[in-house]
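A short write-up of the structure that comes next.
We did not get these values from a lab; they are worked out from the coordinates using the rules stated. Quick caveat, the model's predicted, so the values are computed rather than measured. For neighbour counting, all protein chains shown are included, and Cβ atoms are generated from backbone atoms with ideal geometry for every residue, glycine included.
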Amino acid sequence: MPIPMFTIGFTQKTAETFLTSLHDHQISVLVDIRLRPDSQLAGFAKARDLRYFLRAINQCGYVHMPSLTPTDDILDTYRKDKDWGRYDIAFNALLRERKIEETLDQGWWTGERACLLCSEYEPDHCHRRLVAEYLASHWKEVIIHHII
């Protein structure tokens, strides 16, 4: 059975655009993979607010999955050198070390229309794409959809 795996970033979106996109794609649970989901920079997407908005407006669940976040060290290095290739290698090594393909319940993902959340507008240089691609390389029938 195909596993649709959606991704979305919240920057450059209004709350209305963001929530409408999730509704239009029939997302049943938003999987927050940000290291700091309650950052002041998150605006409407602070975890404590987002959980409420999702439930009240979209009848959508919310879960934070720290096992899918980068470490402070990986993020700090990337912020300093802006070397995406190095970031990609380091983050994928972290996913392998964490064995996310084994620790996450693939059956849960099959039963949900889950969407990975991070901040970046486009997935090209965002770890949500790396997570989705990593899982797709280990689980059968994952189909990735990036919501822009």
Which numbered condition V63 misses (of (1) under 21 Å from W109 (Cα atoms); (2) part of a helix (DSSP H, G or I)): (2)
Exactly one of Y121, Y62, Y87 is aromatic (F, W, Y), out of contact with any Pro (no Cβ under 7 Å at 6 or more places or on another chain), buried (at least 17 other Cβ atoms within 10 Å of the Cβ) and closer than 17 Å to G9 by Cα, and that residue is Y62
Looking at region 97-119, is at least one residue closer than 15 Å to L30 by Cα, in a helix (DSSP H, G or I) and in contact with a strand residue (DSSP E or B) (Cβ under 6 Å, 6 or more places away or on another chain)? yes
Criterion (in contact (Cβ under 8 Å) with a residue 24 or more places away in the chain and farther than 22 Å from W109 by Cα) met by exactly one of A45, A56: A45
Please go through region 1-42 and pick out each residue that is in contact (Cβ under 8 Å) with a residue 12 or more places away in the chain, farther than 16 Å from A114 by Cα and of a type in the set (K, R). K13
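I'm trying to understand the selection: among the residues of region 1-29, which are under 15 Å from H145 (Cβ atoms) and either touching a helix residue (DSSP H, G or I) at 6+ places or on another chain (Cβ under 6 Å) or in a helix (DSSP H, G or I) (or both)? Walk me through it before giving the result.
Applying the first criterion (under 15 Å from H145 (Cβ atoms)) to region 1-29 yields 2-9, 21-29.
Across region 1-29, the qualifying residues are I3, M5, T7, S21, L22, H23, D24.
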